[in-house]
Structure formats: structure tokens, C-alpha cells
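The values are calculated or read from the model by the stated rules, or taken from the named source; none is laboratory data. Because the structure is predicted, anything quoted here is derived from the model rather than measured. Cβ coordinates were reconstructed from backbone atoms using ideal geometry, including for glycine residues, and neighbour counts include every protein chain displayed. Note: areas computed on protein heavy atoms with side chains; ligands, DNA, RNA excluded. Shrake-Rupley method; radii C 1.70, N 1.55, O 1.52, S 1.80 Å.
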Amino acid sequence: MSVNRPSKLRRAITGPLLFFFILGDVLGAGVYALVGKVAGEVGGAIWLPLLVALGFALLTAASYAELVTKYPHAGGAAVFARRAFGSPMLSFLVGFCMLAAGVTSAAGLSLAFAGDYLRSFLPVPTAWAALAFLLAIGVLNARGVKESLGANLAMTLVEVSGLLLVVVLAGLYFLSGQGDPSRALEFKEGVTPTTAVLGAALLAFYSFVGFEVSANMAEEIENLRLYPRALFAALGVAGAVYALIGIAAAGVLPPATLADSSAPLLAVVQATGYGVPPVFFSFVALVAVANGALLTMMMASRLAFGMAEEGLLPRAFGRVLARRRTPWVAIIVTTCAAMLLTLTGTLQLLAETVVLLLLFVFMSTNLAVLVLRKDRVEHQHFRVPAVIPVLGILSCLVLLAQQEPGVWLRGAAMLAVGALLHRWARNGLRSDR
């Protein structure tokens, strides 16, 4: 394919919108919900597994930067796999892993949205609130990429402000002689620091996934030369904010207290005693969750569209609204799938499943960079040293080794569903000929 291949999608994503798109997806609900779980694994040194996870994410992000600028088409990792390995089945499974991870993540985020934070405002049943939330996300997604990214910009500013508020309040708390910042250098008793950091990095990695979502928006980016800069800048900002959050949280509250809280950052804000209303911070957390879900569902629908364009899904997934030029069939299907998944588990279980699925996608992408080095294109593109994707593959293997057997079984079941869908899609394509 040529970089100049006509696209049915509108190129409306500018450099700043792309930066905030990636930053908004990375700075999502993960850090708001999982800081306590990371503290439970590693102790007070929360910042360390967060930085380790950032390093792992940057390795794979570099591979995405090369392939997105080399093959700028919707479909992301599935397109890369098909070009590299020439196997429709493998390409479909890579794309399906990405789709499954996206809708699973959105399902988990809908549960987070409908939980304790929402109940600070409305005492509504969790299941119904989660379904209504996903429906609203689907409607906004269908309105158009510019409207969706405009909402993302506003929500990203709110969630970044919330995280900076935690850091500022913790800093004032420390300057007043309270708290214990030295806890940020302590590890959980009875565990080997290396083992604890790697185990916590698995959870922390969920806080960085989201950068890969932008690959599926390639056909809607105005200037692809800005993609690597926006990608690395967004991850760098997220890593710096996360490290400060880890130090702040450990300094204000003991790790055991953080681990027991379902809203650890709210607990930190309340512990400082500066009178920030709980409903205010609950609102910020809800915005963060909503932003992550919106961007994830945008990715899933564009990925389904791109796979249909490549012949990996039925052509119906490639239908777009005539006026808004959004992939309406893909949006409906992915939204319904996320609604069904809200009934399948807790946020932590869904998060671990997302990471498992994405690690296979990331391994495929890193390997594709090496395989496609011999493929030359007419336009200039970003290029990484060959050692980077090799290290990216090794980092994925390290994180896979930390997964629990139950998560492996859940992932295998979802891949089995994907294999059945692939057979159905191929049979449908043959009958169309």
C-alpha cells in the first residue's frame, strides 16, 4: 500500500490533538485505581515498578513509531502482522487480541465508572450504570473523531489537573513536617525486591497501555512526521507524573493502607487534611475513567474498520456514516461486546487480561519491525535500531512470566472465540465472491 492510498476517514488529528489523545489514553483510570495494588506488591517504592513499566512501554512504542510512519493505515498491529508474516490467520488473531483487549478494557473501566466514585453522586445499580455509560461512549464515538478528540482534550486536562493536585497537596503535607517521604525507598517486608518490582510492574504496565491505540488512528492524522514526537512526549509526561504520584502516595499513607483502598488517590487527598471535597476528586476520577473508555472504544472501532478494509472481517465493518464518516457498524458491534463483558469479572481481573492480550500484540509488532526491515517504501519514515525491538520482545516475555494461570485460561478462551470468528469471516468472504 502507498502512503497516499485514499482513505474514507477524515484526516482531522493535528499534532497537539494527537499528543493529548495519547496522553489522555495513558493517563487513564489505571493510576487512579491501581496505585494501591502496586503498593500491595512492592511496598513504598511504588515509583520504581512504574518506571520499569515505562521502560518496557517505550521499547514497544519505538517499534510502533517505525511501523505507523511506514504503513500509515487503520488496523495497526493486524496490518503490520499481515505484511510481516503473510498469514491471514495470524493477522486476524493479532487484530483480535487488540480488539479483545480494547473491549475488555472498556468493560473494566465501565465498572470502575459505575462503582464507588459514581455512588458519591448517585446511588444507582452498578450494572445498569455501566451499560448506560458504554452506550453514551458509543454515541459520542459515532458523532465523529473531531468531536471525540475535542472531548478527550477537555477530559485530559481535568485528569492531569487531578493528578497534579495529589502531588501538590502531598508536597505541602511534607513541607508542614507531616508524612514520611522516606517510605518511597522502602520495599515490602518478606519479599525479594527484584521479584516484587517485576510483579508490580505487571500491574503498573496497565497504566501505560493505551499508546498503541494511536496506531489505529493513522489514517486520521494530518502529518505523520509528528507521530513519534507526540508518542514519546506523551509517554514521558505520563511517566514523570506517575513517578511523582508514587512518591506522594507512599509518603502520605503507609503502603498497607493504600493497598486496602479501592480509591487510593482519594484516600491520599483526604489524608492531607486540606479540605478538598471528596465529591470533587470523585468527579475528576470519573472524568479519567470516561476518557480512557472513550479513547479505547475509538481504537476498537477503528481497528475493526481497518481489519474489514484488509479483508480480515466482513465488509460490513467498513461501512461509514455518509456525513460524519465514522465506522458505524464497527462502533455498534464493539460497544455491544463491551457491554457483555461488564458481567465477566472485576476491574483487576479484566486489567490483567488486557495486559496478557496486549503483550502478544506487542511481541508481534516488535517482531514485525525486524521482518519488515527488507521492505522498502517510497516515503521517509521513523526508524529504530534493531536492538530496540529485540529488547521489546524480551520485555514482553518477562511480563508474561508474571501472569497467573487463571488469566492465561481466560486469554486462551478469548483466542478460541477469535479463531471461530476468523473461520466464519473467511467463509463469508468466499461466499461473497
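Within the option set T257, T272, being among the polar types (S, T, N, Q), open to solvent by less than 20 Å² (accessible area, probe 1.4 Å), farther than 16 Å from L17 by Cα and modelled with pLDDT of 85 or more holds for one residue only, T272. Among the residues of segment 291-307, none qualifies, meaning not one is of a type in the set (G, A, S) and not in a helix (DSSP H, G or I). Here A78 clears all of (1) buried (at least 24 other Cβ atoms within 10 Å of the Cβ); (2) at pLDDT 80 or above; (3) part of a helix (DSSP H, G or I) except the condition numbered (2). Close contacts from segment 67-93, counting a first residue that is farther than 14 Å from F360 by Cβ and a second that is assigned to a loop (DSSP other than H, G, I, E, B) and open to solvent by less than 10 Å² (accessible area, probe 1.4 Å), with Cβ to Cβ under 7 Å and a gap of 6+ residues or different chains, come to A74/L9; V79/Y71; V79/H73; R83/Y71; P88/L312.
Per the conditions (1) touching a residue at least 12 places away in the same chain (Cβ under 8 Å); (2) assigned to a helix (DSSP H, G or I); (3) surrounded by fewer than 18 Cβ atoms within 10 Å (Cβ to Cβ), the sole criterion not satisfied by A240 is (1).
For segment 320-374, the set of residues classified as open to solvent by less than 60 Å² (accessible area, probe 1.4 Å), small (G, A, S) and more than 26 Å from S261 (Cβ to Cβ) consists of A330, A337, A338, S364, A368, listed by residue number. With respect to the stated conditions, F280 fails to be under 26 Å from the mean Cα position of the chain (by Cα), open to solvent by 30 Å² or more (accessible area, probe 1.4 Å) and under 30 Å from S63 (Cα atoms).
For A107, the requirement of being more than 22 Å from L415 (Cα to Cα) and either assigned to a loop (DSSP other than H, G, I, E, B) or under 17 Å from the mean Cα position of the chain (by Cα) (or both) is not met. Inside segment 340-397, residues that are closer than 24 Å to L109 by Cβ and at pLDDT below 90 make up a count of 16.
So which residues in segment 186-231 are closer than 26 Å to T69 by Cβ, open to solvent by 60 Å² or more (accessible area, probe 1.4 Å) and modelled with pLDDT of 85 or more? The answer is R229, and nothing else.
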